[in-house]
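S.K.: There's a structure below that I have some questions on.
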Amino acid sequence: MADTPLDLTSDAARLTAQLVDFRSESGTEKPLADAIETTLRTLPHLTVERYGNNVVARTFLGRPERVVLAGHIDTVPIAGNVPSRLDEDGVLWGCGTCDMKSGVAVQLRIAATVPSPNRDLTFVFYDNEEVAAELNGLKHVAEHRPQWLEGDFAVLLEPSDGQVEGGCQGTLRVLLRTAGERAHSARGWMGSNAIHAAAPILARLASYEPRRPVIDGLEYREGLNAVGISGGVAGNVIPDECVVTVNFRYAPDRSEEEAVAHVREVFADCGVTEFVIDDHSGAALPGLSHPAAAAFIEAVGGTPQPKFGWTDVSRFSALGVPAVNYGPGNPHLAHKRDERVDIDKILAGEERLRAWLTD
C-alpha cells in the first residue's frame, strides 16, 4: 500500500484539484482507490472496508440514524483536460471537476473533519460508474456486501449545481433489428433493403410524444430517441440487416418491466425482426416525503428538482434506502472537454453538509 498521497487538511476546492490530477478513467481506478483507502485508514473514528476498487468507511457511534454519502471515483476518458487549472475567476477546469471529483472531495473532507457527527455516517467511494451497468462498483457492493450500504437516507454527490435533485430516470437501451435480402445494388429488385425497412422505426420515433408526469411535486420528462444506426455491407450490395439503437429515458413511476413493455408496444408494428435489450438500469422514486430527506432539504435549502438522467440513487432505492442527488458540479458541464466547476460551489456544498451533520 502506498504512502498517503491525499491531503485532507486542504479545503474541498484544493482537494478537488488534487483528485483531478490523480487520473482515474474508468477501469484504471485502483491507484486512486488505494490512496483513498490509505488516507481513510489514518482516521481513528472510521472503520474502513474494501471490495475490489470500492472503499467503504463507516462510523459506529450509536446514533439513531445512519446517512450514506456516496460518490464514484472514475471519470470519462481524459480529453487533454488534465492537469487541472484554476483561473482568476475562481473556476477549476479539468476532467472530473464536475463529474464528480468535487463531490468526492466533499465526502473526504466530511470524513476527515466531522469525527463526531449527529448521525452515523457511511462513506462509499466506488469505481466504473461511467461505463456499462454490469461493471458498476456500487452494483457489486450491493450484490456482495449489501450490509455496508445499510442506512436511513443516502446522498449521492453527483453534480446537481448545488440543488437537491430527487429520484432519477430509468434508462433502457434496445437494439431494433430489421431484416432484408442481399442483392447486387444494380439489381436491387432482386433483394430487400433492410435499411429501408427501418424507416417505420424512425418515423415512429420522430412522431413520439413523451410523457411529463408529476411525482412528489416534481415534473419528469421522458424521452425515446435513436442514438445509433448501423447497416450496410458494401457500396454495391443491398443490405440484409439494419440495427437501430434506441434509448428510453423514463420517469420513476414506471417499473423496469413496464418500461420494456412500453417500448415493445411502440414498435410493435414497425417491422422489427429482433428486439434485444442492450442495457437497462431502473428509475428511482424521489422519496422526498421521508423524514430524513425533509430534514436534509431544510438544512441545505433551495427547491428540489427532478433528476434528468440516471444515477445510482436507483441502486439505493432498490435497497430500500431513500436517496437524493446533491453535488457542487453543474450537470450540463459533465463529460465536456471544457468541464469545470466554481470553487465557491464546492466550498458551499462542504459547509452545508457539515452544518447538517453537526447541528
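The values are calculated or read from the model by the stated rules, or taken from the named source; none is laboratory data. Since the model is a prediction, treat every value here as computed from it, not as a measurement. A quick note on method: Cβ atoms are made from the backbone with ideal geometry, for glycine too, and the neighbour counts reach across all protein chains shown.
S.K.: I'm told residue 189 meets every condition in (1) in contact with a strand residue (DSSP E or B) (Cβ under 6 Å, 6 or more places away or on another chain); (2) outside any strand (DSSP E or B) except one. Can you identify the failing condition by its number?
M.R.: The failed condition is (1).
S.K.: Among the candidates 181, 143, 222, single out the residue that is over 18 Å from residue 284 (Cβ atoms) and either at pLDDT 95 or above or under 15 Å from the mean Cα position of the chain (by Cα) (or both). Reasoning before the result, please.
M.R.: On the way: 143 fails: over 18 Å from residue 284 (Cβ atoms); 222 fails: over 18 Å from residue 284 (Cβ atoms).
Only one candidate passes the filter, namely 181.
Matching residues to (1) within 28 Å of residue 279 (Cβ to Cβ); (2) polar (S, T, N, Q); (3) in contact with a helix residue (DSSP H, G or I) (Cβ under 8 Å, 6 or more places away or on another chain):
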site	(1), (2), (3)
183	no, no, yes
195	yes, no, no
223	yes, no, no
226	yes, no, yes
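S.K.: A follow-up question, please. Among strands (runs of 3 or more DSSP E) lying entirely in region 196-288, which contain 3 or more residues that are touching a strand residue (DSSP E or B) at 6+ places or on another chain (Cβ under 8 Å) and surrounded by fewer than 14 Cβ atoms within 10 Å (Cβ to Cβ)? Step through it out loud before you land on a result.
M.R.: On the way: elements: 223-231, 241-250, 274-281.
Because the criterion is at least 3 residues that are touching a strand residue (DSSP E or B) at 6+ places or on another chain (Cβ under 8 Å) and surrounded by fewer than 14 Cβ atoms within 10 Å (Cβ to Cβ), the strands (runs of 3 or more DSSP E) in region 196-288 that meet it are 223-231, 274-281.
S.K.: Within region 144-173, which residues are buried (at least 24 other Cβ atoms within 10 Å of the Cβ) and among the aliphatic types (A, V, I, L, M)?
M.R.: 154, 155, 156, 157, 172
S.K.: Here are some residues: 86, 43. Which one is of a type in the set (A, V, I, L, M) and under 14 Å from residue 340 (Cβ atoms)? Steps first, please.
M.R.: On the way: 43 fails: under 14 Å from residue 340 (Cβ atoms).
Result: 86 is the single residue among 86, 43 that is of a type in the set (A, V, I, L, M) and under 14 Å from residue 340 (Cβ atoms).
S.K.: Also: Could you tell me how many of the residues in region 102-132 are surrounded by fewer than 17 Cβ atoms within 10 Å (Cβ to Cβ) and within 18 Å of the chain's Cα centre (by Cα)?
M.R.: Selection size over region 102-132: 2.
S.K.: Take the residues in region 325-353 that are among the basic types (Lys, Arg) and surrounded by 17 or more Cβ atoms within 10 Å (Cβ to Cβ), then tell me which one is farthest from residue 99 (Cα to Cα).
M.R.: So in region 325-353, the residues among the basic types (Lys, Arg) come out as 336-337, 340, 345, 352.
With surrounded by 17 or more Cβ atoms within 10 Å (Cβ to Cβ) added as a condition, the list becomes 340, 345, 352.
Numbers: 340: 9, 345: 13, 352: 19 Å.
Looking at residues that are among the basic types (Lys, Arg) and surrounded by 17 or more Cβ atoms within 10 Å (Cβ to Cβ), I get 352.
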